[in-house]
Amino acid sequence: MAAPHALPGEVFDVLPHGEAAAQAVTTSLVRTAGLQVIRVVLAAGQGKPAHRVAGDVTVQCLTGRVAVTALGATRELAAGQMLYLAGGEEHALSGVEDATLLVTIRLRPSGEA
């Protein structure tokens, strides 16, 4: 069963603590008609293959280090760093170290340019 998404006004942890941190998995934290926020957990050497999403994307590294390949280059993000990509840009992720990311996607309602 999928974890429920956060509700408006609800306070929730982006980074699990204690025993939960060792068992953290990639999960969608918030999803509305216009926004999706995902906690992505990558082990060192693990990756997400090249893909595209329609909306603008931010990738914020919360812990560890991750390599992001986009726009013809690979950039490394460390904890506390963020990368922005315009909608439709192909990108791939690869864990340089065990990493936790916060990915925000602007979802485009149907009919919006």
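The values are calculated or read from the model by the stated rules, or taken from the named source; none is laboratory data. All values derive from a computational prediction rather than experimental measurement. Here the Cβ is made from the backbone with ideal geometry for all residues, glycine too, and neighbour counts use every protein chain on show.
Among the residues of segment 87-113, those identified as over 13 Å from Leu42 (Cβ atoms) and either part of a strand (DSSP E or B) or modelled with pLDDT of 95 or more (or both) are Glu89, Glu90, His91, Thr104, Ile105, Arg106.
Consider segment 53-67 and keep the residues that are under 11 Å from the mean Cα position of the chain (by Cα) and not aliphatic (A, V, I, L, M). The one that is farthest from Thr100 (Cα to Cα) is Thr58.
Condition first: of a type in the set (A, V, I, L, M, F, W, C), without any contact (Cβ under 8 Å) to a residue 24 or more places away in the chain and closer than 24 Å to Ala21 by Cα. Now tell me which residues in segment 78-113 satisfy that.
The answer is Ala78, Ala79.
Looking only at residues in segment 102-113 that are surrounded by 18 or more Cβ atoms within 10 Å (Cβ to Cβ) and not polar (S, T, N, Q), which one is farthest from the chain's Cα centre (by Cα)? It comes out as Ile105.
Here is a list: Ala70, Ala99. Which entry is touching a His at 6+ places or on another chain (Cβ under 7 Å), surrounded by 17 or more Cβ atoms within 10 Å (Cβ to Cβ) and among the aliphatic types (A, V, I, L, M)? Please lay out each step first, then the result.
On the way: Ala99 fails: touching a His at 6+ places or on another chain (Cβ under 7 Å).
Answer to the check: Ala70.
For segment 5-27, check the following and say yes or no: at least one residue is acidic (Asp, Glu) and surrounded by 15 or more Cβ atoms within 10 Å (Cβ to Cβ). Walk me through how you get there before you give the answer.
Keep residues of segment 5-27 that are acidic (Asp, Glu), which gives 10, 13, 19.
Okay, now just the ones that are also surrounded by 15 or more Cβ atoms within 10 Å (Cβ to Cβ), so none.
The answer is no; no qualifying residue exists.
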